[in-house]
Amino acid sequence: MPDLSTTYLGLALRSPIVASPGPATRTVDSMAALEDAGVAAVVLPSLFEEQIEADEQALHDTLEAGTDMFAEALDYFPSMGDYDTGPDRYLAVVEQARARLGIPVIASLNGASMGGWIRYARLLQDAGADALELNLYEVHVDPQRTAADVEDSDIALMEAVATAVDIPVAAKLSPYYSAFASFAVRASQTPISGLVLFNRFYQPDLDLDTLDVVPSVELSSPWELRLPLRWIAVLRGQVACSLAATSGVHDGLDVAKALLVGADVAMTTSAVLHHGVAHPASMERELVAWMEDHEYVSVSQLRGSVRREAAVDPEAFERTDYRKTLSSWR
Amino acid sequence: MTRQICVDGNEAAALVAHRLSEVVAIYPITPASPMGELADAWSSAGRTNLWGSVPEVVEMQSEAGAAGALHGATQKGALATTFTASQGLLLMIPNMYKIAGELSPVVVHVAARSLATHALSIFGDHSDVMAARQTGWAMLCASSVQEAHDFALVAHAATLRSRVPFLHFFDGFRTSHEIDKISVLDDDDLTALIREDDVLAHRFRGLSPDRPVLRGTAQNPDVFFQAREAANLFHDAVPATVQEVMDELGARTGRHHRLVEYVGAPDAERVVVLMGSGVGAATEAVEALAGAGEKVGAIVVRLYRPFPTDAFLDALPDSVRSIAVLDRTKEPGAPAEPLCQDVTTTLARAASSGRVGSMPLVIGGRYGLSSKEFTPAMVKAVFDELSSTSPRSAFTVGIRDDVTGLSLDVDSSFTVPTRAVQAVFWGLGADGTVGANKASIKIIGEHTDQWAQGYFVYDSRKSGAVTTSHLRFGPEPIRSTYLIERADFVACHQWSFLTQPVDVLGTARQGATFLLNSPYRADEVWSHLPVEIQGQILDQDLDLWVIDAARVAREAGMANRINTVMQPCFFVLSGVLPRDEAVTAIKASIERNYGKRGRAIVEQNNAAVDAALEALERVEVPALAVGDTHRRPPVPPEAPDFVQRVTARMLAGEGDLLPVSALPVDGTFPTGTARWERRMIAAELPVWDPDICIDCGKCTISCPHTAIQMKVYEPSTVDGAPEGFLHKDFRSRDLPGHALTIQVAPDDCTGCGVCVDVCPAKSKEQANHKALNMAPADEIRADERPRYEFFRSIPYLDRDALPHDTIKGSQVLEPLFEFSGACAGCGETPYLHLLTQLFGDRMVVANATGCSSIYGGNLPTTPWSVNGDGRGPAWANSLFEDNAEFGLGLRLGNEVHRSEAERLVAELSERIGRDLADAILGAVQSGDGDVREQRARVAQLRERLDGATDRSGRRLFLLADELVRTSTWIVGGDGWAYDIGSGGLDHVLASGRDVNVLVLDTEVYSNTGGQASKSTARGAIAKFAAAGKDAPKKDLGATARHYGNVFVGQVAIGASEQQTIKTLLEADAWPGPSLVIAYSTCIAHGIDMSTSISHMKDAVRSGYWPLYRFHPGLEDAGHHPFQLDSRKPQIPLRAFTGTEARYGMLHRSDPERAEMLGALAQADVDERWRYYEQLAEVERSVPHAPGEVPEPAHDDTEQPDA
C-alpha cells in the first residue's frame, strides 16, 4: 500500500483527495459521509458577501413593502424571532463540521469589499475553519479597468486577508489572467499558502423562447482537467506554495495526473455529485491501484514527477492546440 | 423602579391579557387585530402567562366562533379572553348573554369602533359597545393608553372576583393606535391583584366528569324569571369589587382610579359627562376654563355597566346646575343617547328620593362618531350651550348640521396652552415616515424624562397613500387626544405633496419650522414652490429648511425610504435632543429595529443618518412670492356637480367641513368617480411602442388599475389626434382594416410595472426593449395627457365586432372598473375589470367587506364606473359575514320583479303587440348579443307604454328593465368565502339560484394585514400563523362541486387569461349557481408586485393552483363535468414557494419545521392532482325535470396554462 499522505496549506492530509465546494460540502452530515469515504479535507461552498447583502436587502424590502400605508393593515407579516440573515447559518455549519469531522475543514469566501473580505475571514477563522479559500470570483466587464488594475487589486486582497487571519489561506484563481504564470508567482509571494487552479465561472445561457439570459450550471467534464494540469506543471518548481488541482477531477487516474504534474491535492465536486458521497473511496482505490501498478511508493514520490521541467517533452505544456493538432496529424 | 415604555393602546391591553389567559380565541377585525396578532406572536415565541404556561391562541372562523370558543373555555374553567370591535362584537352578543347568565368570568378587550349603518367605518366610537350594554357584562372604559393597560388588569381581576364577565373597552384608533409613554405593570403587580383562590374557584366550577353538573338548561315559565333574578347580587357587587381592585392597583402603582371621577372647579355649576378618549380633550378644556375662573367640570365615567349610580352621585359637585352628557354613539329614535339616559335616570331617581336637592338640567349631545375630531374648543362649545338661555336638550358637536340644526357652533380659535413640542409630518405610505416617527417616540419616551405621544392618520387608498404623523413631546404627561392644531414643526417628506390639493402647512403656527424634502438646493428652491406655499411661509413667518432626502437615501442604498434621513433633521431642528445625543439614539434605534434583518440594512441606515445633517440647509426666505406654480385643484372643472361639491372637498382634506346637507341621506353615492382624482402617483409610466406590439392584450387584461387600455377603431378616427398619439394596424382576421391604440392614463397609472412585465413582445434588434417600457413619469406625463383625453373620446368598438371569449375580444370592451386605489400590482383587480368588460352594463354586485370593498367603495371615490349610456355595475356592500345571503337577496328581488314584469307583458300583450310580447317572453339571453337584443325590445316596449296611466301599464313601464337579464355577482375574498361567510355561501350555492360567486383568493385576510384563513396553504406563515400553517388549504370548490348543479371554476388570470375569460363567461351563462375561485396575488405574499400577474404562472405550473372547470351537464350519460385546464405539475412546489417571502421566512426562522411542512405541502399538491385526474374521468349529470333549465353552450376544449 503506497503512502498517500500529503501536505496542503501546511495541513497534513492522509490522502491527496479533497472535496471541493458543492452540494456535498453544504451540510455536516454529507461532509461526514465524505470523510467516511476517505476524503482528506473538505472545502465548503463560498460565503458570498454580496449574496448576504442582497438577501438582507430583499428581506428588508419585503417587510417594508406596503407598511404604514393603510390603517387596517400597517404591515403584512408576523414578526419572526429570527430572519437568519447574515453569515450565522454558514458559520454554524463551519462550527459543527469542525466539531464533528476529523479532517481539516476549509471555508471559502467571496467578499464584495475589502472590509467585508477581512471581516468575514475573521468570522470564519473564529468559527473554527482550519484554512480559508479565497474565491476570487469576479467577471471584469469594465473596459476602464486594466489587467494591471485587476492583478494589483487581487494581490492586495490576498495580502490583506492572509495577514488578517492566522489560519492558512489559499486563493482560488480564474484562468483568465493574461500572463498567468507571472501573476501566480506574484500571488505565491504574498502571505497566502496555496493556489487553487481553477475557478469555474458559471456561464450564462439564453432561453430561446423568452430571450432571457439564464444562469446555467453544468457539471465539469474530465477534459477540463487539462487546463489545471498544464498550469500546475508550469508552476510547480516556480512557486513554493501549495497547489491544488480542481475542475475535471473525476476518478483516481485524474488524481494521479494532477499529482504527477505537481499538485499537492486534487479536488473533486462533479464526480461526487454524479456518483454520490461514497465516490472518493473508489477514486482512492483507483489511485492506489495505479500507483501499485506503476510501483510508486508514495504521493511525495509521485508529486511533480511530470512537472514541466521534469517532463520528457517540456514544450508540450507550452504548445497551443493548433500546433499540437498539426503534430498529431504528422 | 417602574419600567416605562412607549406602546399603543392595543399593545398596552394585550401585554396584560396575554399574561392572564390560558385560552385566547382570536379573529381579525380593525382596529383590534393587533391585540390578537401580538398574542399569537408571543405564544408562537413561547412567551408564558403568569402561571408559566404558553397561552393557547386559536384563530376562529368569525367573532361568533371566537365567542363560542370563549364560552366553552370558560365553562371548562379556563382563563379565557378575546379581542374584538364593531361588527365582531355584535357577532359575540348571543354568547355574551349566555356567558353572563352563567356568571362566567371572562374578559373581552374591545377597541371600540363604529358599527356599519349607512356606511362601514373602521374608526372609533361607542356604537359597538353600546350595542352590548344590555348583555349583563360589566363594562369598563379606558380613556388613555395607560388606562388601557391598567384597566386590562382591573377587568381580569374583577371578573374573577365578581364572576361577572367584563368588557374592557377603549376608543378605536385614538387609543388603540395612539402611542404613549406608559408605566408597565410587572408580574408582581398582576400576581398581587389576581387572587389565586379566585382562579382555583373558577377552575373548580369548570365542567368535569369527576363532578358532573348540567348547565344551559331549557326553563319554563314557572322558574325562568326567578332564575334570571337569582344572580342580582353578583351584578350589584361589581362596582364595589372594581373599586376594590382599583384601590389595590393604586396602592401598588400610585395610579389611583375611581369608578366615576370628577375634574374641574370644586364649585362647578356646569358639567360635562363622558367616557373614553374624549376625556383627554375635556380635561384640558375644563382645566383651562376653570383656571380662568369658570365654574365648570367634567365627570369621567370609567365603569359604565353596572352603572355606578352611587359613585356618580358622589362625584357630582352639589353646586352643579346643568349637565351635558356626551355620547359617542347614535341611537336614532331614542329620547336620548344611552349614557345620557343613564345619567338622567340616575339623577331623576336621586332627586325623587331626595338624595340630591334638585334635578339639574340635563342635556345630551353626540360627538366624535367614526373618530370625528373632539377638541377642547368643542368642549367649550358644550359649556357655552349650557350657559345659554335655553340650552338645546339634544345637540351634536364637531359637525355642521344645516338640516336639523342640532350642531353647536365651535369657536376654533379656542385652544389650550401646552408645554409640549408639537410636530406634524406628511409622508407617503411605506416611505418610512411613520416608522421613523414611531421610533422617535420611543427614543424620546424611553430614553429621556420627557413624555411622548404619537398618532397617525392614514389614507383609505392602498397605493400612493398620504400619511400624517402627529407627535407631541413635553415635560408633562400628554392628554391631548386630538390632532395637532398648532404645530411648532411641520415636515413634508414628499415634494409632490406641495402641488397636491392638500394643505400641508395648514397646521403650522406662526414662526414654526418647516422641513421640506426637496430636490432643489436652498438657493434655488423658492421659485419652485407653489405660490400658495410661498404665501403661507411668508404669512406664517416660517423657518424653512430643505434637504434632498431622496438623494441622500439613494446614495446610502436605501431606495425610496427616506426615514432615517429625515429623522435626524427633525431631532436637530426641533431641539428635542442635542445633536450628538440624537444621532447616537437614532443609531441605537436603527440597531433595535433593523438589527434582526441584517448588518447591511443597519449600516446603510447609519450611513443615511450621518449624511443627512450634512445635507440639511436653511433657506433664506425672500420677501415675496414668485413663479407661477400652483397647487392643483382636487378635481378638474369638467367633473360632475356632486364630485365638485362633495368629492373634491374630501380629496382636499376638507371633508370635516362638509355640512350635513351635502351628504346623501341613505349612503347612496354616484359611481365613476375615481377617474376625476388623477392622483399622479406613478414615478414611472409605461410607454407603448406600436412597432413591436403584437396586439395580444395581455397588458390591458393584467393591469391592476385599468390604467392601460386598448381601443380598436376605424383608421379615420385618428384624424385630428394630438401630436404623438400612437396607433398601429389591428391584426385580426375578424376585423380587418382597423387601427389599434394601447394608451396609458398618465395621471391614474400607479407605475406598478405589471404591464411591462407581462408584455411578451420584444424588439428583434434589442431584446430588452419591449412593446411597453417604463420611463420616468415626469418626462412624459404632460405629453401623454392630451393623448389620453383623445383616446377617451374614441368610441368603443361595437360589442358584436369581436367574440368576447378571447383576450383581444374581451379587451376591446369597455371596462367599468377603473383606477382603483388598490395596492400597486394588486392581483385581485384584474378579475374585476375583466368582469365589468364582459357583463358590466348588466351587473349587480354584492361585495363582501374586505380589500375589494375598500378599493371598491371607500370614499372619497369609487372605481366602479358607468358607460356612455349611463349603465354600469350597481354595487353594494352589506357586511363581511353575510355577503352570499345578501347577494341572494338581490337576486331574489331581481327574480320577483322579472316574474312580475313577464306576467304584465303577458297581460298587456295585445297593447304591446303580440309579436313584441312573444319575443320578449321567449328571449334566450345567454350571451351578450342576446341581452342587447332584449334591451332593444324593452326600449320598444317602453315606447309603447309611454304615458300609460293604468296600474298595469305604469307598473310594467317601471319594471320593464327587469326583463333584461341581470348578472348577479357575489364578490369577496377568502376570509369571507372560506371562513366567516362559509355557511352562507354554502347555503346560497345550494339554493340553485342563478347567482355567480367570485372569490378573490389571496389566501389571507389581506385587508386587515394578512391573517391566516382556511385558504392559507400549509407551510405559509401569516399573522395568526406565525409558526407556519399546519393544516392544508381547504378545497373550497369541492363543497360546491358535490352539489352537482353548481358551476365551479378555478382560475389564475396570469397563468391563463383565456381560461379565465371562458370560465367567467360560462359562469355567467350557467343558469344556476356558479362559483369562480380566482388566484389573487397579494402584497401579503411577499413577492415583487411588479411581477404579480406573471407570478401566477408558477403557481399553476407547480400544481399549487390547478386550473379547472366543473361544468354541470344535463345529458343522461357520458358527461364529464370536471375538466382540468392546466397541465400536470411541471416544476416542484419548492420552485414556486421558494420565490415567496410567506414561505421563505419560515425557512429562515425555523428551517426544520419549514422542511417538514414543505414536504407535506408537496404531498398535498401531488395528492390533489391525483384526485383531480380521477375526477376528470367521472361521469355525472344533473337530475332535472324536462325543460327545467336550458343547457347553455360551453367549450370543452382544453385550456392549457400559458
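The values are calculated or read from the model by the stated rules, or taken from the named source; none is laboratory data. The model shown is predicted, which means the values in this text are computed figures rather than measured ones. All Cβ positions, even for glycine, are placed from backbone atoms using ideal geometry, and neighbour counts span all protein chains on display. Note: areas computed on protein heavy atoms with side chains; ligands, DNA, RNA excluded. Shrake-Rupley method; radii C 1.70, N 1.55, O 1.52, S 1.80 Å.
Measuring only protein heavy atoms, the 1.4 Å probe finds B:Thr468 accessible over about 20 Å².
Divide by every residue of chain B the summed helix terms, -39500 (n - 2.57) for each DSSP H run of at least 4, and state the resulting mean residue ellipticity at 222 nm, rounded to the nearest 500 deg cm²/dmol. Walk me through the numbers on the way to the answer.
Details: 39 runs with 437 residues, N = 1202.
Result for chain B: -11000 deg cm²/dmol, rounded to the nearest 500.
Going from the isolated chain to the complete set of protein chains, the stretch B:1143-1159 loses at least 40 Å² of heavy-atom accessible area (1.4 Å probe) at B:Met1145, B:Arg1148, B:Ser1149. Loop-located trypsin sites (Lys or Arg not before Pro) in the stretch B:379-420 (DSSP state other than H, G, I, E, B) with a sparse environment of at most 12 neighbouring Cβ atoms within 10 Å: B:Arg419.
What does the helix-only formula give at 222 nm for chain A: each DSSP H stretch with n ≥ 4 adding -39500 (n - 2.57), the total divided by the residues, and the result rounded to the nearest 500 deg cm²/dmol?
On the way: 12 runs with 132 residues, N = 330.
Rounded to the nearest 500, it is -12000 deg cm²/dmol.
How shielded is A:45-58 by partner chains, expressed as the average number of their Cβ atoms within 10 Å of its Cβ atoms? Could you put the intermediate results ahead of the total?
Values: counts 0, 0, 0, 0, 1, 1, 0, 3, 7, 1, 5, 9, 8, 5.
Other-chain Cβ atoms within 10 Å of each residue's Cβ, averaged: 3.
Accessible surface ranking for B:Lys442, B:Lys76, B:Lys1062, 1.4 angstrom probe, highest first: B:Lys76, B:Lys442, B:Lys1062. For B:Glu684, nonlocal amide neighbours, meaning residues 5 or more places apart or on other chains whose placed amide H falls under 5 Å from its own, are B:Ala777.
Using alpha-carbon pairs under 8 Å, 6+ residues apart, how would you state the relative contact order of the stretch A:87-133 in percent?
Details: 49 pairs, mean separation 21.8, N = 47.
Rounded, it is 46 percent for the stretch A:87-133.
Using a probe of 1.4 angstrom and keeping all protein chains present, the accessible surface of chain B works out to 37 square angstrom per residue. Partner lysines whose Cα lies under 16 Å from the Cα of B:Lys1034, excluding those fewer than 8 positions away in the same chain, are identified as B:Lys1014.
Kindly give the semi-axes, whole Å and largest first, of the ellipsoid equivalent to chain A, taking each as the square root of 5 times a Cα gyration tensor eigenvalue.
Details: eigenvalues 277, 114, 81 Å².
The three semi-axes for chain A are 37, 24, 20 Å.
Summing +1 for each Lys or Arg and -1 for each Asp or Glu among the other residues whose beta-carbon sits under 13 angstrom from that of B:Glu59 gives -3. The distance from the alpha carbon centre of the stretch B:127-149 to that of the stretch A:1-20 is 76 Å, rounded to a whole number. May I ask what percent, to the nearest 5, of DSSP beta bridges between residues of chain A are antiparallel? Taking every DSSP beta bridge with both residues in chain A, the antiparallel ones total about 20 percent. Summary value for the stretch B:788-841: 34 percent relative contact order, contacts being C-alpha pairs under 8 angstrom separated by 6+ residues.
Between amide H atoms placed 1.01 Å from N, distances below 5 Å from A:Ser46 occur with no residue 5 or more places distant or on a separate chain. Put a dot 7 Å past the Cα of A:Leu273, heading toward its Cβ, do the same for A:Val297, and the two dots end up 4.1 nm apart. What's the local net charge at B:Leu772, with K and R +1, D and E -1, over the other residues with C-beta under 10 Å away? Overall, the nearby charge balance is 0.
Take every DSSP beta bridge whose two residues both sit in the stretch B:1026-1177, then give the antiparallel share in percent to the nearest 5. Spell out each step's value before the answer.
Working: 6 of 11 bridges.
Antiparallel bridges: around 55 percent, rounded to the nearest 5.
Of the GluC sites (Glu not before Pro) found in the stretch B:729-811, the ones in coil according to DSSP and having at most 14 other Cβ atoms within 10 Å of their Cβ are B:Glu765.
May I ask you to derive the relative contact order of the stretch B:736-793, considering only C-alpha pairs under 8 Å and at least 6 residues apart, and to give it as an integer percent?
Once divided by the residue count of the stretch B:736-793, the mean separation gives 41 percent.
Sort the following peptides by mean Cβ neighbour count (other Cβ atoms within 10 Å, averaged over residues), highest first: B:1165-1171, B:147-153, A:59-65. Before the final figure, lay out the partial values.
Working: B:1165-1171: 14.7, B:147-153: 28.6, A:59-65: 21.3.
Order by mean packing, descending: B:147-153, A:59-65, B:1165-1171.
Counting only heavy atoms of the protein chains and using a 1.4 Å probe, B:His177 has close to 20 Å² of accessible surface. With all protein chains in place and ligands, DNA and RNA left out, the 1.4 Å accessible area ranks A:Asp207, B:Asp197 as B:Asp197, A:Asp207, largest first. In order along the stretch B:553-569, the Karplus-derived 3J(HN,Hα) couplings, from 6.51 cos²θ - 1.76 cosθ + 1.60 at θ = phi - 60°, round to 5, 4, 5, 8, x, 9, 6, 9, 8, 9, 4, 7, 8, 6, 4, x, 4 Hz, and Gly and Pro are given as x. Using R0 = 35 Å, the C-beta based FRET efficiency linking B:Arg521 and A:Arg145 works out to 0.55.
Residues B:Leu657, B:Leu956, A:Leu211 ordered from highest to lowest accessible area at a 1.4 Å probe: B:Leu657, A:Leu211, B:Leu956.
Indicate, rounded to the nearest 5 percent, the antiparallel portion of the DSSP beta bridges found entirely in the stretch A:113-239.
Expressed as a percentage, antiparallel bridges in the stretch A:113-239 total about 30.
What does the net charge come to around A:Glu218 if you take all other residues with beta carbon closer than 11 Å to its beta carbon, with K and R at +1 and D and E at -1? Please report the intermediate quantities before stating the final value.
Working: positive: A:Arg200; negative: A:Asp205, A:Glu224.
So the surrounding residues net to -1.
Per-residue mean of foreign Cβ neighbours for B:464-470 is 2 (Cβ atoms of other chains, 10 Å radius). Of the two radii for chain B, the radius of gyration is 0.97 times the Kirkwood radius, both from the alpha carbons; that is the Rg over Rh value. Among B:565-572, B:411-418, sorting by the average number of other beta carbon atoms lying within 10 angstrom of each residue, highest first, gives B:565-572, B:411-418. Annotation: peptides B:1136-1142, B:968-974, B:935-941, B:450-456, ranked by per-residue average of other Cβ atoms within 10 Å with the highest first, follow the order B:968-974, B:450-456, B:1136-1142, B:935-941. Put the Cα centre of the stretch B:488-563 next to the Cα centre of the stretch B:619-691 and the gap is 21 Å. Taken as Cα centroids, the stretch B:163-207 and the stretch B:733-748 sit 63 Å apart, rounded to the nearest whole angstrom.
Between the residues B:Pro636, B:Ala623, B:Tyr594, the greatest Cα displacement towards the positive end of the dipole of the stretch B:591-651, with unit charges on the Cβ of Lys, Arg, Asp and Glu, is found for B:Tyr594.
Among the protein heavy atoms, those of B:Ser991 account for about 50 Å² of accessible surface (1.4 Å probe, every chain in place).
Once neighbouring chains are kept in place and the probe is 1.4 Å, which whole percent of the accessible area of the protein assembly as shown is contributed by carbon and sulfur? Its accessible area is 52 percent carbon and sulfur atoms.
Residues of the stretch B:1070-1092 that lose at least 30 Å² of accessible area (1.4 Å probe, protein heavy atoms only) when the other protein chains are present, relative to their chain alone, are B:Ile1083, B:Ala1084.
The B and A chains share an interface that buries close to 3900 Å² of accessible area, total over both sides, probe 1.4 Å.
With the alpha-carbon atoms as the only input, what is the per residue convex hull volume for the protein assembly as shown in Å³?
Numbers: hull volume 377.1 nm³, N = 1532.
It comes to 246 Å³ per residue, whole-number rounded.
The 3J(HN,Hα) values that the Karplus relation (6.51, -1.76, 1.60; θ = phi - 60°) gives for the stretch B:538-551 are, in residue order, 6, 5, 8, 6, 7, 8, 9, 10, 10, 8, 8, 5, 4, 5 Hz. Gly and Pro appear as x.
Between B:Thr396 and B:Arg366, B:Ser407, B:Leu408, the built amide H atoms are under 5 Å apart, and every one of these is 5 or more places off in sequence or on another chain.
Computed over protein heavy atoms with a 1.4 Å probe, the accessible surface of the stretch A:1-130 works out to 36 Å² per residue.
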